[in-house]
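Notes follow once the structure below has been shown.
The values are calculated or read from the model by the stated rules, or taken from the named source; none is laboratory data. In this text, all values refer to a predicted model and were calculated from it rather than measured experimentally. Reconstructed Cβ throughout: ideal geometry from the backbone, glycine too, with neighbour counts over all protein chains shown.
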Amino acid sequence: MSDDKQQENTWNYLNENLTQWVMESKSHSMEGNVASYIPELANAPKDILGICIMDSQGQTALSGDHDFRFTLQSISKVFTLILALMDRGEEVVFSKVGMEPTGDDFNSMLKLELVEPGIPFNPLINAGAIAISSLIAGNSPAEQTDRMLHFFRDIADNSTLDINLDVHQSESDTAHRNRSLAYFLKDNGVLDQQVDDVLEVYFSHCSVEATCTDLARMALVLAHNGVDPIRKKQIIPRRFVQIAKTFMFTCGMYNASGEFAMNVGLPAKSGVSGGILSMVPGRYGIGVVGPALNRKGNSTAGVHLLGTLSQKFDWSLF
Ligand code: DON
């Protein structure tokens, strides 16, 4: 059978069965809880699950609550990392953050004090992403936020992508832990700007609102090593996508990244709003949302659904 025919068969099989698999995974949302430490996120319904899978021609397989709108939260950290790499280069970025998983919770400050030289272990934990926010080019938080938003819109090919101001306010009002992390970083010499200015950029990128289709579209560019296969243009240098995907693999699902690599075997990044961005390299971009989270901060139903898909289609990279 030709490659094209085989891909068409896979796509048809996916479309025929996706709704059934979503229904089966949805029941797992009952095992989790919606994040409430950012009060605005607690309004999300617990029992929903949606998915969009996009192929390189832009065809979509959609199922469940795929049009539910949610904020990117930690998923945004993959793209701010890429932007910081594009703006400052590898040497500067890796003078401010490390390259290793922590095994701690995403908002932990433990290792900042325990381990020399007091820089965050990686750019995907909160401390690391705050350090990365400070590296986005611009002379003010407003200019940096504007640059971030334009970059996200370009990758998502969606000029309407915007910040959810209610979530932004809610984050800012309750960010006691993030403020502590940022002051720690400032004291350790990691941040050049004022703490409040850096946090303004950080809250803004976490509060960008999207759907599963936006996630899948953004993931598609990563799946094709920085080239948008639909508009046929290179948006991100290949090396920076390689760095981002490596972090997604080793730290993208926080201290459940090993378990996820074992059961799903794809690069992925989760957020506390219940979104997961993943991809099948060279083929599909995937966006999932299921707001009920497990203890590690990942969507319970979303992780289950990705596990099912990976098994059915033998997607694991290992
Ligand atoms: O700073 C926070 O805590 C949130 N804005 C983002 C955390 C997050 O999404 C962690 N993901 N699992």
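The table that follows gives values for the structure above.
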quantity	calculated
Test set (1) buried (at least 19 other Cβ atoms within 10 Å of the Cβ); (2) out of contact with any His (no Cβ under 9 Å at 6 or more places or on another chain); (3) at pLDDT 95 or above - Gly297 fails condition number	(3)
Filter result for Met279 (in contact with a helix residue (DSSP H, G or I) (Cβ under 9 Å, 6 or more places away or on another chain), modelled with pLDDT of 95 or more and outside any helix (DSSP H, G or I))	yes
Selection count, segment 194-213, where residues are surrounded by fewer than 17 Cβ atoms within 10 Å (Cβ to Cβ) and polar (S, T, N, Q)	1
Scope segment 65-105; condition among the polar types (S, T, N, Q), within 16 Å of the ligand (Cβ to nearest atom) and either over 16 Å from the mean Cα position of the chain (by Cα) or farther than 19 Å from Leu191 by Cα (or both); matching residues	Thr71, Gln73, Ser74, Ser76, Thr102
Residue within segment 285-297 that is more than 22 Å from Lys26 (Cβ to Cβ) and more than 15 Å from the chain's Cα centre (by Cα) present	no
Single residue of Ser95, Ser108, Ser63 found to be part of a helix (DSSP H, G or I) and not aliphatic (A, V, I, L, M)	Ser95
Qualifying residues in segment 163-176 (those that are of a type in the set (A, V, I, L, M, F, W, C) and away from the ligand (no atom under 12 Å from the Cβ)) - the one farthest from Phe70 (Cα to Cα)	Leu165
Residue tally, condition free of Cβ contacts under 8 Å to residues at least 60 places away in the same chain and buried (at least 24 other Cβ atoms within 10 Å of the Cβ), over segment 267-294	3
In segment 177-213, the residues that are within 11 Å of the ligand (Cβ to nearest atom), more than 16 Å from Phe79 (Cα to Cα) and either hydrophobic (A, V, I, L, M, F, W, C) or outside the structural domain of Lys96 (by TED's automatic domain parsing) (or both)	Leu181, Ala182, Leu199
Residue check for Leu305: hydrophobic (A, V, I, L, M, F, W, C), within 17 Å of Lys46 (Cβ to Cβ) and away from the ligand (no atom under 16 Å from the Cβ)	yes
Residue in segment 234-246 that is more than 22 Å from Val97 (Cα to Cα) and in a loop (DSSP other than H, G, I, E, B) present	yes
